[in-house]
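The values are calculated or read from the model by the stated rules, or taken from the named source; none is laboratory data. Since the structure is predicted, the reported quantities are computational estimates derived from the model, not experimental observations. Quick reminder, even Gly has a Cβ in these numbers, built from the backbone with ideal geometry, and neighbours come from all protein chains shown.
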Amino acid sequence: LAFCVRLFSVLRFESVIHEFDPYFNYRTTRFLAEKGFYDFHNWFDEMAWYPLGRIIGGTIYPGLMVTAAAFYNVLHYLNLTIDIRNMCVFLAPLFSSFTAIVTYHLTKELSNSGAGLVAAAFMAIVPGYISRSVAGSYDNEGIAIFCMLITYTLWIKSVKTGSIFWSVLCSLAYFYMVSSWGGYVFLINLIPIHVLACIVTGRFSHRIYVAYTTVYCVGTILSMQISFVGFQPVQTSEHMGALGVFGICQIVSFVAYLKSKLSAAHYAIFWQALYYLVGAIFFGAVGFLTLSGKIAPWTGRFYSLLDPSYAKNNIPIIASVSEHQPTTWSSFYFDLQMLVFLFPVTICSVFFLFTMDLEIMEKSMMIKNGISNFFCDLFQFQYFNHLKMFLTIPPYQVRLMLVLAPVMAVLAGIGVNHILTTFMKNLDTVVVKDKKGLQGRFATISTGVVLLVSVLLSLFASHSVWVTSEAYSSPSIVLSARGGDGGRIIFDDFREAYYWLRQNTPENAKVMSWWDYGYQITAMANRTILVDNNTWNNTHISRVGQAMASTEDKAYEIMRELDVDYVLVIFGGLTGYSSDDINKFLWMVRIGGSTDRGAHIKESDYYTPTGEFRVDAEGSPVLQNCMMYKMCYYRFGQVYTEQSKPTGYDRVRNAEIGNKDFELDVLDEAYTTEHWIVRIYKVRPQSLKTI
Amino acid sequence: MASENIFSVATKFVGDYMTKTPQKLKVIDSYLTYILITGVMQFLYCALVGTFPFNSFLSGFISCVASFVLAVNLRLQVNPENSKDFKSIAPERAFADFLFAHVVLHLVVINFIG
């Protein structure tokens, strides 16, 4: 089920990689499959971020690429020759089916296998997860969720049994998680919080000590094997929590050990002495290390979690990524639907199990379950913590809806199972006991509730499938629209432009474009670019922004400095494609103006005196003369776009453009695609520049 | 509380320890002390000489810490007083797990030492 529902885009379009980020992953995987692991690990990429280059080996999470390449090699070994592109496209759905299986196991550990089945079914189709794992969305999250859930399952297993074996397996799973996604930091903080909560509530036991210490030690040293992580686990604040809890574990255990050996009076004395000593050392050490700079303060992304306006004001790049915007309630519903409602139900049922024994359980079961109740409480408590963390964070970042999805699935699974078993039981007892009156009424209520739940579940299923098909299945690289007669028109402009670049420009040509398209250009056109989606160098991106936002002369200076041969822009005015560069232009201005050399670029210059952003004759003259404007609207003034509208009518901004008939001084138009979506310009060499 | 102080408590504790703990646990405890001393020496060396190369220091130090921790876990699991906490794990199984964890640990340490 999980696999099939993600295949919409493959059926509609073809087996391509979607969006932007996955293109980078695809390119690196191709490199890995061709060149082998050692070359991959030491790869220095000169084609991106000209002239700086990028150390690929040290700046990525290799898990995804290694997994795909491993599958690819295994299949080839078995003589099933499947192309690497198809491997990448279908990897995400494959892993989501694995995820469903793991969700089953996880929920089974937490409550029982009935809940497991329900949770697995939820997980297979919940839109929040599907959005990042459709066929073609070849990105880290596809396998990361699988890794995360398997790490959790193994953690719970190891806490339950207290055996070193499961703990080591858990740390190996954690290693896999670290290798696949930057979000592993959640795990390394949640698990200590769980342990801490257990200590605080008095449920600390030898088992937890064994499990946590093993997982922390082995897991940390494993995680440092990934070059990107390096020494962070002992240097950054994000990992300090785990270390702190580790220390606390040692202390608590040691103290408990002494308690069991000493008599009460002795113990009290010892306790006092130790308490002050340890407290002083601990706080002193942490304070000293932080102040002296050994432990880096929290990074920008985490700041924006705690204070959403921080990014907007200080670091425009983080703010401009749409996935970092705060989540709206409607997207909560859109992604999780039923689960949003079942979630409070589960909280209640969890509370029930947590605080008191249920009346519904028969007495004999209660005695047997005394011990397993203890386990239950423990794990549901852990899930509380999981929830707390995830409830605070998703409101701040849409991307993290993805992480909330499995939690919701599991909890909803438990909740639904609980409801159903409760009411089903009543149905059964009625049949067996054959009483009338109160029991009879109970039966009708039960049937009613069961029916209601079934209806809700099927609604959820259909909602999820609809959402997947409509919203999340389009590969942004191939667009489609309905023509005037209802038939489907396919816009393949992106690929058309990239292949033109690939075939008609010299091999060492350098292309300047906005960073969104960087990965695609290197992957498909195979040309050197200035900035790409990795966005690790804000100054460089800001330079590009300045070039786009300045007049032709100033821009020419910048382009000469950066050795640019071609410039690529995306223009949607002819077709009505709304994520084009003019719509992104204000971000270019903001980012361009955010560094020293761009201080002359002020956002307010590009607005009309009344504060609107307009491209027609009322628009600001600075806007009408900047390079981006000229590149997008060159020759557009002679084109009819819609009936009954004048020439040069921009269908996205719904305005006739202001500056129509102009000539370009420093650029030559090199190529414009069929629907004018991608426009490529060649920079004139110094000798041909007309003043 | 004033009549006894920390030293008498400590001496009594040590005396009890010598007499009451079984032989197996004492072996593990001496191993623990050895690891502890090694770890402290590594740390002192690093503090005196500097942190280059950091990865070697880290891997050595963490290998000490991890060995210490694993030995403590083994001790916990083998101790008959704790048997009600570790129902499903016989002492032999605990030792086997201990070895397994050490294999993984040392593989990683060797990779990391550089």
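Values computed for the structure shown
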| read-out | value |
| --- | --- |
| Conditions (1) closer than 27 Å to residue B:51 by Cα; (2) under 18 Å from the mean Cα position of the chain (by Cα); (3) surrounded by fewer than 23 Cβ atoms within 10 Å (Cβ to Cβ): number failed by residue A:183 | (1) |
| Answer from A:214, A:220 - the residue that is of a type outside the set (A, V, I, L, M, F, W, C), free of Cβ contacts under 8 Å to residues at least 40 places away in the same chain and facing another protein chain (nearest Cβ under 10 Å) | A:220 |
| Residue among A:637, A:576, A:611 that alone is in contact (Cβ under 8 Å) with a residue 24 or more places away in the chain, among the small types (Gly, Ala, Ser) and in a loop (DSSP other than H, G, I, E, B) | A:576 |
| Matching residues, the range B:5-16, being assigned to a helix (DSSP H, G or I) and not small (Gly, Ala, Ser) | B:6, B:7, B:9, B:11, B:12, B:13, B:14, B:16 |
| Any chance residue A:118 is at pLDDT below 80 and not in a helix (DSSP H, G or I) | no |
| Flag for residue A:594 being out of contact with any Lys or Arg (no Cβ under 8 Å at 6 or more places or on another chain), outside any helix (DSSP H, G or I), surrounded by fewer than 24 Cβ atoms within 10 Å (Cβ to Cβ) and small (Gly, Ala, Ser) | yes |
| Residue count, the range A:581-602 (criterion: closer than 19 Å to residue A:653 by Cα and without any contact (Cβ under 8 Å) to a residue 40 or more places away in the chain) | 1 |
| Considering residues of the range A:640-671 that are β-branched (Val, Ile, Thr) and in contact (Cβ under 8 Å) with a residue 24 or more places away in the chain only, the residue surrounded by the most Cβ atoms within 10 Å (Cβ to Cβ) | A:657 |
| Residue B:50 out of contact with any strand residue (DSSP E or B) (no Cβ under 8 Å at 6 or more places or on another chain) and surrounded by 14 or more Cβ atoms within 10 Å (Cβ to Cβ) | no |
| Condition broken by residue A:632, with the remaining ones in (1) free of Cβ contacts under 8 Å to residues at least 24 places away in the same chain; (2) within 18 Å of residue A:682 (Cα to Cα) satisfied | (1) |
| Residue match in the range A:164-172 (condition: closer than 21 Å to residue A:233 by Cβ and either polar (S, T, N, Q) or in contact with a Lys or Arg (Cβ under 7 Å, 6 or more places away or on another chain) (or both)) | yes |
